[in-house]
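S.K.: Quick one: structure below, then a few questions.
The values are calculated or read from the model by the stated rules, or taken from the named source; none is laboratory data. All figures in this text were calculated on a predicted structure; none of them were measured in a lab. We place every Cβ from the backbone using ideal geometry, glycine too, and count neighbours over all the protein chains shown. SASA here: full protein model, heavy atoms, side chains in, ligands and nucleic acids out. Shrake-Rupley method; radii C 1.70, N 1.55, O 1.52, S 1.80 Å.
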Amino acid sequence: MTKWLDPDEQRAWRAIVALMTRLPGALDTQLQRESGVTHFEYWVLTLLSEEPGHRLQMSELAHKANASLSRLSHVVSKLERMGWAQRSATTGRRGVQAVLTDDGYSKVVEAAPGYLDAVRQLVFDGLDAEQTAQLADLSELLVRQLGDTLSQSNGRSTQVEESGEQPNP
């Protein structure tokens with residue numbers, strides 16, 4: 001049986017929802033205005049830029065980008081059209097790698113200063129060092145919890161529906 005969120009949980013949840021809905025839009029706006037890419041496109045380019053040889057198996061890149069393989073494939077196709085990435089068959093293994101081109105690397109380098117300024121302004125300027133460390137700890141904990149829960153597929157949403165109770169979002 002599901003119980004309502006207590007006042008502290010409700011306050012925390014509403015803050016998380018506001019952050020999840022407002023921050024991506026703000027980062028998208030900054031990146032599109034200054035560099036002509038979405039936040040997700042920039043994130044994919046950045047992840048590739050950090051890899052040896054600027055290449056990564058598509059399935060691994062999807063995992064690191066927290067995206068479905070389908071979504072990643074669409075974005076990599078767009079990045080290919082822009083000349084910033086290409087696909088390469090993996091020798092001796094099944095699958096395909098995404099490879100960052102020299103122009104793609106230049107795009108990451110060009111976009112990084114504005115992006116990092118926006119991240120600092122939107123997130124870190126309002127926090128001291130202790131709060132930043134707490135934010136990192138809590139975020140990492142929540143990501144692990146989310147991953148564990150999703151991998152267990154425990155059917156919690158079905159239980160809520162069957163109980164007839166409505167959650168208080």
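S.K.: Only Cα pairs within less than 10 Å get springs; with that Gaussian network setup on the chain, which residue of Ala136, Ala98, Ala112 has the largest fluctuation?
M.R.: Maximum among the listed residues: Ala136.
S.K.: Net charge near Ala136: determine it from the other residues with C-beta under 14 Å of the C-beta of Ala136, scoring Lys and Arg +1 and Asp and Glu -1.
M.R.: That works out to -3.
S.K.: Counting Lys and Arg as +1 and Asp and Glu as -1, each charge on the Cβ, what is the dipole of segment 1-113 about the Cα centre in debye, to the nearest 20?
M.R.: For this selection, approximately 380 debye.
S.K.: Keeping all protein chains in position, work out how much accessible area Thr91 exposes to a 1.4 Å probe, and write it in Å² to the nearest 10.
M.R.: Counting only protein heavy atoms, Thr91 exposes about 130 Å² to solvent.
S.K.: Another one. Which value, in Å² and to the nearest 10, is the accessible area of Leu23 when all protein chains are kept and the probe is 1.4 Å?
M.R.: 50 Å²
S.K.: What do you get for Rg/Rh of segment 1-136 when both radii come from the Cα atoms and Rh is the Kirkwood radius?
M.R.: 1.07
S.K.: On to the next question. Spelling out what I want: for every residue of segment 28-42, take phi, set θ = phi - 60°, compute 6.51 cos²θ - 1.76 cosθ + 1.60 (Karplus), and round to whole Hz; glycine and proline get x.
M.R.: So the Karplus estimates, Gly and Pro as x, are 4, 4, 4, 5, 5, 5, 8, 10, x, 10, 7, 4, 5, 4, 4 Hz.
S.K.: Which one of Arg120, Arg33, Arg94 has the biggest mean-square fluctuation once the chain is modelled by GNM with Cα springs under 10 Å?
M.R.: Maximum among the listed residues: Arg94.
S.K.: What does the helix-only formula give at 222 nm for the chain: each DSSP H stretch with n ≥ 4 adding -39500 (n - 2.57), the total divided by the residues, and the result rounded to the nearest 500 deg cm²/dmol?
M.R.: Helix contribution divided over all residues of the chain: -21500 deg cm²/dmol.
S.K.: Next up: Give the cross-link partners of Lys64 among the lysines, using a straight C-alpha distance below 27 Å as the criterion and excluding same-chain residues fewer than 8 apart.
M.R.: Of all the lysines, those that pass the test against Lys64 - Cα under 27 Å, at least 8 places apart if same chain - are Lys78, Lys107.
S.K.: While we're on this one: State the percentage of accessible surface on the chain attributable to carbon and sulfur atoms; use a 1.4 Å probe and exclude ligands, DNA and RNA.
M.R.: Of the solvent-accessible surface of the chain, carbon and sulfur hold 54 percent.
S.K.: Let me ask another. How do Glu34, Glu50 stack up against each other in accessible area, from largest to smallest, with a 1.4 angstrom probe? Walk me through the numbers on the way to the answer.
M.R.: Numbers: Glu34 105, Glu50 125 Å².
Result, largest first: Glu50, Glu34.
S.K.: Oh, and also: Please build a GNM for the chain, connecting alpha carbons under 10 Å apart, and tell me which residue among Gly36, Gly126, Gly25 fluctuates the most.
M.R.: Gly126
S.K.: Quick one: net charge of Ser49's neighbours, Cβ under 14 Å, K/R +1, D/E -1?
M.R.: In short, -3.
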